[in-house]
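To keep things clear, I will list the structure first and then write my remarks on it.
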Amino acid sequence: MPFTFTPTDLDGVILIEPRVFGDHRGFFLESYKQSDFGNAGVNVSFVQENHSRSSAGILRGLHYQTAPFGQGKLVRAIVGEIYDVAVDIRRDSATFGRWIGATLSDSNRRSLYIPPWCAHGFCVISEYAEVIYKTTAEYRPDYEQGIRWDDPALGIDWPTRQVTLSERDRHWPSLADIADTAVMA
């Protein structure tokens with residue numbers, strides 16, 4: 001199998017390491033293979049792929065889409081390094097409000113699968129980073145929501161507190177203030 005799938009402390013959030021084949025020409029890896037992901041319990045269909053480029057200290061998130069357009073995400077950094085975070089936003093979950101973080105980079109070539117019931121965000125920790133992520137639902141701006149990146153109730157241990165945010169990301173509510181109807185099961 002060309003992947004190692006490592007469960008995290010949040011059920012359904014999985015760290016994925018590809019098998020890399022390298023020689024004097026460079027390297028080759030499979031970044032996604034439906035049958036292997038399915039065998040590892042990631043039985044989803046991806047319908048959209050996004051690509052972003054951001055400078056050091058840029059923080060994007062914490063974002064999610066509400067039902068019926070919740071997005072599972074398969075995230076990886078193809079240039080540079082990011083700290084990627086998933087937060088469980090299911091109020092009826094034993095892990096509600098808990099988060100996990102993982103460093104994704106062009107050198108470790110890891111991916112993180114984040115189910116639709118998580119809010120997601122990342123912070124760039126290299127000079128710049130390019131991130132590609134596949135989603136299980138198309139982007140629907142009317143269904144997009146967010147949570148404050150620095151919500152004290154979450155206590156996310158971001159690698160820096162000196163971040164640059166979009167205007168929209170500055171004004172998301174705290175986890176306690178998001179609407180019950182917004183949370184994905």
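Taken together, the values in this text are just the output of simple stated rules run on the coordinates, not laboratory data. In this text, all values refer to a predicted model and were calculated from it rather than measured experimentally. So basically every Cβ, Gly included, is an ideal-geometry build from the backbone, and we count neighbours across all protein chains shown.
The packing ranking of peptides 67-80, 24-37, highest mean first, is 67-80, 24-37, where packing means the average number of other beta carbon atoms within 10 angstrom of each residue.
Per-residue extension of 0.36 nm, minus the Cα-Cα distance of ASP142 and ARG90, leaves a gain of 16.7 nm for this segment.
For the range 97-164, GluC sites (Glu not before Pro) meeting the loop criterion (DSSP other than H, G, I, E, B) and having at most 11 other Cβ atoms within 10 Å: GLU127, GLU138. Consider a paramagnetic label point 7 Å from the Cα of GLN162 along Cα→Cβ; state which residues of the range 56-77 have an amide N under 11 Å from it. Taking a point 7 Å out along Cα→Cβ of GLN162, the residues of the range 56-77 whose backbone N falls under 11 Å are 57. Projecting label points 7 angstrom from Cα along Cα→Cβ for GLU49 and SER35 puts them 2.0 nm apart. Model label points for THR103 and HIS171, set 7 angstrom from Cα along the Cα-to-Cβ axis, are 3.6 nm apart.
Given an 8 Å cut-off on Cα distances and at least 6 residues of separation, report the relative contact order of the chain as a percent.
Details: 425 pairs, mean separation 53.0, N = 185.
Value for the chain: 29 percent.
Using Cβ point charges alone (K and R +1, D and E -1), the dipole size of the chain about the Cα centre works out to roughly 220 debye. Secondary-structure-derived ellipticity at 222 nm for the chain, considering helices only, amounts to -1000 deg cm²/dmol, per-run term -39500 (n - 2.57) for DSSP H runs with n ≥ 4.
Neighbours of GLU30 by Cβ distance under 14 Å: Lys/Arg scored +1, Asp/Glu scored -1, total +4.
Of the trypsin sites (Lys or Arg not before Pro) found in the range 111-185, those that fall in a DSSP loop while having at most 10 other beta-carbon atoms within 10 Å are ARG161.
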